[in-house]
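Enquirer: One structure is given below, represented as structure tokens, and several questions about it will come after.
The values are calculated or read from the model by the stated rules, or taken from the named source; none is laboratory data. Since the model is a prediction, treat every value here as computed from it, not as a measurement. Using ideal geometry, Cβ is built from the backbone for each residue, glycine included, and neighbour counts are taken over all protein chains shown.
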Amino acid sequence: MRVVVVGSVNLDLVARVSRLPAAGDTVRATDYQRVPGGKGANQALAARRLGAEVALIAAVGADDAAAHALALLASDGVDLGGVRRVPDAPTGVALITVDDEGENTIVVVPGANAGLTVTADELAGADAVLCQLEVPAETVAAAAAGAPAGALFCLNTAPPGPVPAAALDRADLVVANRAEHAQVDGLDRARLVAVTEGADGAVLLDGGREVARAVPPTVTAVDGTGAGDAFTGAMVVGLLAGLDRAAALRRACVAGAAAASRPGAQPALPRPADLDALDRA
């Protein structure tokens, strides 16, 4: 199966704290790391680690942060031939604070992601095309229009924002968390909508009607930063692999739980053996 991801690449600047700061508050960090991230890159790596051949269409700056942000993708064999280096924009950055309960706050500085474009030629041969909303809406619309006939088109509505109607009409699958599902208009125009609810699991809607529900295994939450990306990548791979909708939803919930039980976004993304072990536990 070949998945083409059109999306963002960021370098995550992650501070661990005992509690998340309130408005006007200052808290002392207990740890700090620079970790590869970005929803496009995370989902590309998630799908790759679960067995798909993956190509990433993205944009980074001509700076030192780019090499760090792309390192895990390269080492896991994601095709980076479609990643452009933009000389006059920095690589995207995410400022992330994670507390002792695994809850987080995230501020994204788009950088080069804001100028990403895509053509139909770059999507040729894909079995699935996967987008998020950390890139321009026009790019999402172009990816939807350029996705090959018969390819699965998946849109993850994170972070929430306006979605081109044509992209929703083309979408075979939309993945949204509970808040995004409430905020983003028109999501039920997609053929399937997976609504994630954190530790409560996820529901799958067809035309607004629930057709499947899954609950993840119980884990100790360490960092929820990449959990939604693990879910999305696993859901796409599961559907491409021929799992029925309920089984694909369950597998995706296991992937999200596995990612949430480890620190960092990309370092936490699971492999099939991780999912099998957790699902049996």
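Enquirer: Determine if the range 166-180 includes at least one residue that is more than 17 Å from the chain's Cα centre (by Cα) and of a type in the set (Lys, Arg).
Expert: Scanning the range 166-180 turns up at least one residue that is more than 17 Å from the chain's Cα centre (by Cα) and of a type in the set (Lys, Arg).
Enquirer: Continuing with the same structure: Residues of the range 190-214 being surrounded by fewer than 18 Cβ atoms within 10 Å (Cβ to Cβ), in contact with a helix residue (DSSP H, G or I) (Cβ under 7 Å, 6 or more places away or on another chain) and closer than 19 Å to Ala179 by Cα, which ones?
Expert: Hits for the range 190-214 are Glu197, Gly207, Gly208.
Enquirer: While we're here: Answer yes or no as to whether Leu13 is out of contact with any Gly (no Cβ under 8 Å at 6 or more places or on another chain), within 23 Å of Ala257 (Cα to Cα), in contact (Cβ under 8 Å) with a residue 24 or more places away in the chain and surrounded by 24 or more Cβ atoms within 10 Å (Cβ to Cβ).
Expert: So Leu13 fails the test.
Enquirer: Select, from Val27, Val35, Val14, the only residue that is part of a loop (DSSP other than H, G, I, E, B) and at negative phi.
Expert: Of Val27, Val35, Val14, the one residue that is part of a loop (DSSP other than H, G, I, E, B) and at negative phi is Val27.
Enquirer: Being under 18 Å from Val193 (Cβ atoms) and of a type in the set (D, E, K, R) is the filter here, so list the residues in the range 234-263 that pass it.
Expert: Correct list: Asp244, Arg245, Arg250, Arg251.
A quick yes/no check of all residues on (1) at pLDDT 95 or above; (2) within 20 Å of the chain's Cα centre (by Cα); (3) part of a loop (DSSP other than H, G, I, E, B); (4) of a type in the set (A, V, I, L, M):
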| site | (1), (2), (3), (4) |
| --- | --- |
| Gly40 | yes, yes, no, no |
| Ala55 | yes, yes, no, yes |
| Leu70 | yes, yes, no, yes |
| Ala74 | yes, yes, no, yes |
| Val83 | yes, yes, no, yes |
| Ala89 | yes, no, yes, yes |
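Enquirer: Would you call Val60 more than 18 Å from Leu269 (Cα to Cα), part of a strand (DSSP E or B), β-branched (Val, Ile, Thr) and under 19 Å from the mean Cα position of the chain (by Cα)?
Expert: Taking the combined requirement at face value, the residue satisfies it.
Enquirer: Does any residue of the range 205-215 turn out to be within 18 Å of the chain's Cα centre (by Cα) and not polar (S, T, N, Q)?
Expert: no
Enquirer: Sticking with this one: Exactly one of these conditions fails for Ala114: (1) buried (at least 23 other Cβ atoms within 10 Å of the Cβ); (2) more than 24 Å from Leu20 (Cβ to Cβ). Give me its number.
Expert: Answer for Ala114: the failing condition is (1).
Enquirer: Being touching a helix residue (DSSP H, G or I) at 6+ places or on another chain (Cβ under 8 Å), of a type in the set (A, V, I, L, M) and surrounded by 22 or more Cβ atoms within 10 Å (Cβ to Cβ) is the requirement here; does Leu80 meet it?
Expert: Judged against the criteria, Leu80 is not a match.
Enquirer: Can you tell me which residue is farthest from the chain's Cα centre (by Cα) among those in the range 113-143 that are farther than 18 Å from Val54 by Cβ and not in a helix (DSSP H, G or I)?
Expert: Here the answer is Thr119.
Enquirer: Hey, can you tell me all the residues within the range 158-172 that are part of a loop (DSSP other than H, G, I, E, B) and surrounded by fewer than 24 Cβ atoms within 10 Å (Cβ to Cβ)?
Expert: Ala158, Pro159, Pro160, Gly161, Pro162, Pro164, Asp172
Enquirer: Could you count how many residues in the range 223-278 are part of a loop (DSSP other than H, G, I, E, B), among the aliphatic types (A, V, I, L, M) and touching a helix residue (DSSP H, G or I) at 6+ places or on another chain (Cβ under 7 Å)?
Expert: Final tally of qualifying residues: 3.
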